[in-house]
Structure formats: C-alpha cells, structure tokens
1. Just to be sure before I move on: is L79 surrounded by 14 or more Cβ atoms within 10 Å (Cβ to Cβ), closer than 30 Å to I48 by Cα and modelled with pLDDT of 85 or more in the structure I sent?
2. Would you check which residues across the range 54-81 are hydroxyl-bearing (S, T, Y) and free of Cβ contacts under 8 Å to residues at least 12 places away in the same chain and list them?
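The values are calculated or read from the model by the stated rules, or taken from the named source; none is laboratory data. These figures come from a predicted structure and were not determined experimentally. Note that each Cβ is placed from the backbone with ideal geometry, even for glycine, and that neighbours are counted across all protein chains shown.
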Amino acid sequence: MGIVSAGDDVTDSEIETFLSTTGCFDNQLMAQIESDVRGREKANENMINSCLEVAHDEYGNFDETELKKSLKKEGPGRLRTFLENAKYRKTYLGRLPGGNVLTEKNFSDINFDEITRAIGLLKPTDPRRAEIQEAWLKIAHVADPESNLASAFHAISHE
C-alpha cells in the first residue's frame, strides 16, 4: 500500500496525486483547525466569565443576562478593556437596559470583622495561610487606631 515500490523513483506529481486522493493530511489539518477554534472559544468564554465576576465584585448582585449577551458580541480587545478599566466598565454597564439601577459597592458594605475571623480560622495546612495572614496584618497596621479597616482600604486604594 502506498506509492513507493522497491526501486521505483516517485515524482512530486505522483506524491501530490496520492496525497490528494487519500486526503490523509486534510484530516490532520481540519482537526488542528477545529482544536484552535475550540481553544479560542473557550478562552473567550473564560474572559466573559471573568468580566461577569469583576462586575459582580464591583456592583454586587444584578441580572447578568443582558451583560453576558452583550459581552458575547465583543472581541477580545474590548473584553480586556472591560476587565482592566473600571471607568469603561461603569460606562458599559450603564448603557445596558437596567444599567441605571446599578449601585457600586463601597468599603462600608464589607464586613471586615467577618473577614478577619475567617483569616484567623484558616487551616494550618493551607500553604498560603501565613502569606494571607501577614498581608492582612499589614493592611490592619495601615489603619489608624481610631479608624477601621474600611478607611484603611480606602486610603490604600487612593495611594
């Protein structure tokens, strides 16, 4: 089976004819193209999910169906801008139907005492426990004794 027999010289045209009739490389090429397309689609889906998470972190709970529908129409450049630029996010969300009812989260909405307790209760086997607790202590140290962690976070975010 094949185009080469013992002692035969095979021309380029015979090789091309053989490859075109068998289609042996076409299947590999199409499989690679399909794999690349699926990879791009998965990366785009991951970016959209990240955009939704960022929007929820910033604005709390809202109906994400319109946002998800709108983000699916955007290219990777706009999705990246959405992830990186808070002002763009706010404008983008404001233009959606129902976007005018968005309320930004602020530091007074966060229960810092609960976070402090959760950090103190991290399992000793957690490899990042020491790193997380040290970072939280540094943040708490920034807070003035008369102020709270919300004001410390506000000060840090403005620095």
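1. Considered against the rule, which asks whether it is surrounded by 14 or more Cβ atoms within 10 Å (Cβ to Cβ), closer than 30 Å to I48 by Cα and modelled with pLDDT of 85 or more, L79 comes out as yes.
2. T65, T81
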